[in-house]
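*Asks:* Before anything else, here's the structure in question.
The values are calculated or read from the model by the stated rules, or taken from the named source; none is laboratory data. Please read these numbers as outputs of a predicted model, since none were measured by experiment. Note that we place each Cβ from the backbone using ideal geometry, even for glycine, and neighbour counts take in every protein chain shown.
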Amino acid sequence: MGKKKEKSDKKRIDIRQGTAFVSLVLVFFTGSFVCFLVPGNAVFFYQEKQSLFLFSVEYFREFLETPGGLLEYFSRFLRQFYFYPAAGAFIISGYLTLLVVVLKTIVKRLGSNGPRMLIPVFVPSLVMLYLHSDLGFMLRHSIGFLIVAGVFAVLLKLRTQKAALVGPVLFPVFYYLLGGFAWILFFMLILYFLKVLRGKKKAYVALAMVIMALLSYVAFSMLFFLQPVNKILFHPLPVAEGEVFRPALVFISLFVAFLPLIARLSWFSNEKVSTVMPAGVVVFLFVVTGFALRAGYDAGTRRFLRLEKMVFEQNWDAVIETFENNDFGDKISEHYYFLALSEKGWLCDRMFRGNPQFGAGSLIIPWEYRADVINRGGYFYYAIGLMNEAHRWAYESMVTQGYQPQNLKMIVKTNLVNGHYKVAGKYVSILKRTLFYKKWASRYEAMCNDPGLIRDDPELSEKIGLLPETDFFINVEQPAANLAYLLQANAKNRKAFEYGLAWALLSKNVEAISGELPLFKEMGYTKLPRHIEEAALVINSIQRNELGETEGYTISPETISAYEAYATEYRKFRGSPRLQTVMRNRASDTFWYYMHFN
Amino acid sequence: MNLDISRLLRPVVLFFVLVFLIGCLQQPGADVVQTGISPRVSPDIGGVTVPPNIAPLNFRINEKGEAFFVRVKNENGDELTAGAGSDATIRFGQKKWKAFLDGAVGTEIRYEVFARDENGRWEAFEPLKVTVAREPMDPYIAYRLLYPGYENWVDLSIRQRNIENFDESKIIENRMIDHSCVNCHNFRGNDPGHFMLHVRAGEAGGTYLVDDGEVTKTNLKTNEMFAGAVYPAYHPAKDFIAFSSNSVVQDFYAHNSKRVEVYDKRSSLVLYDIEKNEMMSCGNDSGLYMETFPSWSPDGNYLYYCRTAQVNDEFDLKDIRYDIYRKWFDSSKRKFGPAEPVFDASAKGKSASFPRISPDGRYMVFTLADYGTFPIWHDEADLYLVDLQTGEFSETALNSPKTESYHSWSSNGSWMVFSSRRMDGLTTRLYLSHFSNGKFGKPFLLPQKDPGFYDKMTKSYNVPEFVTGKVRIGSREIVRSAKAKAKAATWSK
């Protein structure tokens, strides 16, 4: 009778614990999915653009050259789906949830089914949830934990004697597949065998594990793979690379490695406790993680990445609108804003609407050996038709960071514009071996095969018209000088011309603008751009010329009346502490305001 | 138990009959239509001369067809066959190819190419003829693989390729030495046991000398030198290496016709005495002239090099043209004679680089470009030949509308390997050519197992050098010596 009651009590506890676990898992998955899908989706855009997954034998072979390479291959395979943020959120959340389930399975198979075990099985996933919100934390840094746990769970399913044989014998395979993650499995197995085996068997199996691990390392480093020691030992864990996640990853590694011991602690394995408290602790950990995510949330970076996404999609209207309606406060965003204006042909009509803060310094990004610079600075050269330089930036990006969608696309386009169709075709063929850039590549493949189609493409044909007709050496040290060289090499290049004017406007160099005014007729302008009219009024005012006429152009009545109103207001509030506020409210999008107050 | 053998064998027999029938369908029968035209194949092998030890010449047939068949015949009546589906890729087994080629030495082989159209009708093309020379090629070519880029690098390696099969192995991989730049490998003659290479930047930086399995790391830059030792020329017999020491500048062109220009602001020749670990000048021309690209005559008695007047602060790069000179060298006294003109390239409005003397000492092959000292980025750069006995100058049959640049003789003087950008104008590929009676044969591309290999490859080959055997020293040995402190050379007056 007593036994029956005990059994039914246990069943009731199991059901209660099971329900709690399933509920917590569902909450965890949903919370994680929402976190990554809504506020945290920029991470997918950023990470997806870091590499390309190619469906080719050559690409696969590269990953065979090091222990853990296949794990990286697998994580890159998954990472390509970040192209869709929902898929990315699902992958990360799904894998973290699965880790919880596998860890729960492990502790259950270790015979520790106490409700308090709910707490430790959630800990690694919660820490990794936080880590995954960081732009630099890749799937390859973490997915090995799931596989390690999976392998350990499978070994637990075997009889102890069999596991004691399979563990050491298959360790070289685990090491090859898991790379640095194999060391976690190594410790898990040793601790497990030391606990479950008896007598001398403990020592034999532990010794066998050590010997197999040593032999594997020696064979891998001396015979099979030509890789630096750190890579042989730790890849794809970032431990050896000195990355910021090191402490957290060491913690998770130790936590997972010692899980078999944790599971044996009586406090955790005690089945005669209520589920409410442990479930409450887990919920508390969810809340703490949520707060940590909120505290670590870098809204500025996210906003910047959203802007960059628009740039990569060449959605110039959206770039302009987003920039003008938000306070970005960084040079690159402002650079993108000018780029978008230039691509739309509005640079000298609208640039002060974005309230530029960095003077001419954000107009052109100077060359620097930094990934964030090399990846971003070349678009300016593409915009003004200096294809060789745009190609150089994209190519240097490819050389230093590998194939990325943006650098390959730029290499394709610059080669097509430059007439190097075979080279373009080579890079098109790389993009054709991807899942999400195949369609883009097919479009350009047609141009490689039939260059006549390039002229039908509005974007590329426009760029061909901007190409320099004579040669000069690029001035890398003073990039703004290239605008004048380019204009000499192609006097019809309006983009270079307007960038040059923008440089003068941002440098408040009205004399330079005055010198350029006669060129507008030669370039075929029917009307002066708005900011040039504004500058012309300043020049006319200084030179005491008639306001409304300059170099054969009639300045629009709207600009003249705005100027007069500005001048009246300026005189009225001159000397007043309210001057800037008043002028900002009236004319923050004008050259005059920029000249006076920036 | 009564086993019915015939019943058991029936499916097996049926299988082989099917295979035979399918095989027959893949081969042309008697009713073949003659097209009377040569087939387009890539790489182009029609009319080339190949060494008897070359790897299979696989290729892709660029003709319409649903299936293809190729029969190669030699004059002994031996045959080698291969078929392909719609991918039109013809590959030969290495063992059969070798046996076939062994029977074709010194003769002509004919490739009979057939294509089957959608109606099942076979068409025959005019046979492609390939001559198999008697002279073998050095079995290995060492080269550097890199992106044809600008300034940055990440992955670089110096590799060796066995031309008798498709094996490629790494001599040094820069990921083993913190991704430092590895460059300028140079062999004594074509000896795989004696060579050098540079490692630029980082802890591993230095010049590595390999001498029969022993690796020595040296630092050849002394205070007396305005720049490090750059382009090397290992003396063919003695323990000397001549270098040019160059202050190199790189600029980028704006126009789409060119991308990069690399040039010197200063350069001079220096000699390294390996035994004494001493650097010295190769004469007193430094300051008056810029000297670069040293290269020894096969007997080691002359050092050939390229020379132009020293530029001032202001100069137009397009006016810089190098001529070829040589200096007599007495190895016992470590003395050089005065500069003697060999080829006046500037008089022809051209600039010369990479003089390379044939092993018999009679011919010199070099690169001519319109100006400057770095022809790889010049489309107009081509290879020329001078008969040093008669002084006769001629363009070689190796050239294309795109760049031809670095080149190297085989140890028997019958073959040349050279780099060319003819495929796409950007990536450098290795071409091989037979040399006989002062003439080069039609060049052919270094064969690969997959004929489409080069279409996918985005890296370039750089500094190809023939080697008479496999380099046995590997990355691990070089990495071990990279950890050692470099042996600093001293300057000798």
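*Asks:* Across the stretch B:148-171, which residue is nearest to B:G441 (Cα to Cα) among those that are in contact with a Ser or Thr (Cβ under 7 Å, 6 or more places away or on another chain) and in a loop (DSSP other than H, G, I, E, B)?
*Replies:* Looking at the filtered set, the residue picked out is B:P148.
*Asks:* Now, a different point. Identify, from the list B:G452, B:G441, the residue that is at pLDDT 95 or above, touching a strand residue (DSSP E or B) at 6+ places or on another chain (Cβ under 8 Å) and within 23 Å of B:R60 (Cβ to Cβ). Talk me through it step by step, then tell me what you get.
*Replies:* Working: B:G452 fails: at pLDDT 95 or above.
B:G441 is the lone residue from the list that is at pLDDT 95 or above, touching a strand residue (DSSP E or B) at 6+ places or on another chain (Cβ under 8 Å) and within 23 Å of B:R60 (Cβ to Cβ).
*Asks:* Which of (1) crowded, with 19+ Cβ neighbours inside 10 Å; (2) modelled with pLDDT of 95 or more is the odd one out, the single condition B:R110 does not satisfy?
*Replies:* Among (1) crowded, with 19+ Cβ neighbours inside 10 Å; (2) modelled with pLDDT of 95 or more, the lone unmet condition for B:R110 is (1).
*Asks:* Where in the stretch A:196-257 are there helices (runs of 4 or more DSSP H), lying fully within it, with 1 or more residues that are within 14 Å of chain B (Cβ to nearest Cβ) and β-branched (V, I, T)?
*Replies:* Numbers: elements: A:200-219, A:229-234, A:246-257.
Hits in the stretch A:196-257: A:200-219, A:229-234.
*Asks:* Within the set of pairs 6+ apart or on separate chains, which have a first residue in the stretch A:267-280 that is surrounded by 13 or more Cβ atoms within 10 Å (Cβ to Cβ), a second that is among the polar types (S, T, N, Q) and outside any loop (DSSP other than H, G, I, E, B), and C-beta atoms under 7 Å apart?
*Replies:* Note: pairs meeting the criteria are A:T275/A:Q17.
*Asks:* For a quick check of your reading: which helices (runs of 4 or more DSSP H) sit entirely within the stretch A:499-598 and have at least 3 residues that are surrounded by 15 or more Cβ atoms within 10 Å (Cβ to Cβ) and modelled with pLDDT of 90 or more?
*Replies:* Values: elements: A:510-516, A:519-522, A:530-542, A:557-573, A:579-587, A:591-597.
Of the helices (runs of 4 or more DSSP H) lying wholly inside the stretch A:499-598, those with at least 3 residues that are surrounded by 15 or more Cβ atoms within 10 Å (Cβ to Cβ) and modelled with pLDDT of 90 or more span A:530-542, A:557-573, A:579-587, A:591-597.
*Asks:* Let me confirm something: among A:L64, A:L54, which residue is farther than 30 Å from A:S112 by Cα, out of contact with any Pro (no Cβ under 8 Å at 6 or more places or on another chain) and not in a helix (DSSP H, G or I)? Explain how you work it out, then say what you get.
*Replies:* Numbers: A:L64 fails: not in a helix (DSSP H, G or I).
Criteria check complete, one pass: A:L54.
*Asks:* Find the residue count for the stretch B:166-202, including only residues that are more than 14 Å from chain A (Cβ to nearest Cβ) and either within 20 Å of B:A242 (Cβ to Cβ) or surrounded by fewer than 20 Cβ atoms within 10 Å (Cβ to Cβ) (or both).
*Replies:* Taking the stretch B:166-202 first, the residues more than 14 Å from chain A (Cβ to nearest Cβ) are B:166-167, B:183-200.
Going one step further and asking which of them are either within 20 Å of B:A242 (Cβ to Cβ) or surrounded by fewer than 20 Cβ atoms within 10 Å (Cβ to Cβ) (or both), we end up with B:166-167, B:183-191, B:193-200.
So the count comes out to 19.
*Asks:* Being under 29 Å from A:S221 (Cβ atoms), away from chain A (no Cβ under 12 Å), within 15 Å of the chain's Cα centre (by Cα) and buried (at least 18 other Cβ atoms within 10 Å of the Cβ): is that true of B:I163 here? Write out each step before concluding.
*Replies:* Working: under 29 Å from A:S221 (Cβ atoms): no; away from chain A (no Cβ under 12 Å): yes; within 15 Å of the chain's Cα centre (by Cα): yes; buried (at least 18 other Cβ atoms within 10 Å of the Cβ): yes.
The answer is no for B:I163.
*Asks:* Within the stretch A:360-376, restricting attention to residues that are within 14 Å of chain B (Cβ to nearest Cβ) and outside any helix (DSSP H, G or I), which residue is surrounded by the most Cβ atoms within 10 Å (Cβ to Cβ)? Full working, then the answer.
*Replies:* Within the stretch A:360-376, the first condition is being within 14 Å of chain B (Cβ to nearest Cβ), and the residues that meet it are A:367-371, A:373-375.
The next check asks that each one be outside any helix (DSSP H, G or I); those that pass are A:367-370, A:375.
Values: A:W367: 19, A:E368: 10, A:Y369: 10, A:R370: 11, A:N375: 22.
Within the stretch A:360-376, the match that is surrounded by the most Cβ atoms within 10 Å (Cβ to Cβ) is A:N375.
*Asks:* Look through A:L214, A:L177, A:L170, A:L197 and report the one residue that is farther than 30 Å from B:D178 by Cα and at pLDDT 90 or above.
*Replies:* Working: A:L214 fails: farther than 30 Å from B:D178 by Cα; A:L177 fails: farther than 30 Å from B:D178 by Cα; A:L197 fails: at pLDDT 90 or above.
None of the others qualify; the one that does is A:L170.
*Asks:* Select from the stretch B:164-184 the residues that are out of contact with any Leu (no Cβ under 7 Å at 6 or more places or on another chain) and among the aliphatic types (A, V, I, L, M) and write down the one among them that is modelled with the highest pLDDT.
*Replies:* Applying the filter and picking the extreme gives B:I171.
*Asks:* Run B:M137 past the list (1) assigned to a strand (DSSP E or B); (2) under 16 Å from the mean Cα position of the chain (by Cα); (3) at pLDDT 95 or above; (4) crowded, with 20+ Cβ neighbours inside 10 Å and report the number of the one that doesn't hold.
*Replies:* For B:M137, the failing item is (1).
*Asks:* Only one residue in A:Y421, A:Y444 is within 11 Å of another protein chain (Cβ to nearest Cβ) and not β-branched (V, I, T). Which one? First the steps, then the outcome.
*Replies:* Working: A:Y444 fails: within 11 Å of another protein chain (Cβ to nearest Cβ).
From the options A:Y421, A:Y444, the qualifying one is A:Y421.
*Asks:* Moving to a separate point now. Search the stretch A:478-510 for residues being without any contact (Cβ under 8 Å) to a residue 24 or more places away in the chain and farther than 21 Å from A:W346 by Cα, and hand back the single one that is farthest from the other protein chains (Cβ to nearest Cβ).
*Replies:* That would be A:Q478.
*Asks:* Just to check your reading of the model, which residue among A:R61, A:R76, A:R16 is within 23 Å of A:F181 (Cβ to Cβ) and touching a residue at least 60 places away in the same chain (Cβ under 8 Å)?
*Replies:* Details: A:R61 fails: touching a residue at least 60 places away in the same chain (Cβ under 8 Å); A:R16 fails: within 23 Å of A:F181 (Cβ to Cβ).
Just one listed residue meets the conditions, A:R76.
Yes/no matrix, rows are residues, columns are (1) closer than 30 Å to B:E261 by Cβ; (2) of a type in the set (K, R); (3) touching a Gly at 6+ places or on another chain (Cβ under 6 Å):
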position	(1), (2), (3)
A:L486	yes, no, no
A:A496	yes, no, no
A:K508	no, yes, no
A:H531	no, no, no
A:A535	no, no, no
A:I539	no, no, no
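*Asks:* Give just the number: which of (1) buried (at least 17 other Cβ atoms within 10 Å of the Cβ); (2) within 29 Å of B:P136 (Cβ to Cβ) does B:A67 not satisfy?
*Replies:* Result: B:A67 fails condition (2) only.
*Asks:* If A:L435 satisfies every condition in (1) of a type outside the set (F, W, Y); (2) over 30 Å from A:A484 (Cβ atoms); (3) within 11 Å of chain B (Cβ to nearest Cβ); (4) within 23 Å of the chain's Cα centre (by Cα) but one, which is the exception?
*Replies:* (3)
*Asks:* Let me ask something additional. Picking from B:A339, B:A345, B:A369, which residue would you name as being under 30 Å from B:E275 (Cα atoms) and of a type outside the set (D, E)?
*Replies:* Numbers: B:A345 fails: under 30 Å from B:E275 (Cα atoms); B:A369 fails: under 30 Å from B:E275 (Cα atoms).
Matching residue, one of B:A339, B:A345, B:A369: B:A339.
*Asks:* Does the stretch A:394-408 include one or more residues that are closer than 16 Å to A:E459 by Cβ, more than 8 Å from every other protein chain (Cβ to nearest Cβ), of a type in the set (S, T, Y) and in contact (Cβ under 8 Å) with a residue 40 or more places away in the chain?
*Replies:* No, the stretch A:394-408 contains no residue that is closer than 16 Å to A:E459 by Cβ, more than 8 Å from every other protein chain (Cβ to nearest Cβ), of a type in the set (S, T, Y) and in contact (Cβ under 8 Å) with a residue 40 or more places away in the chain.
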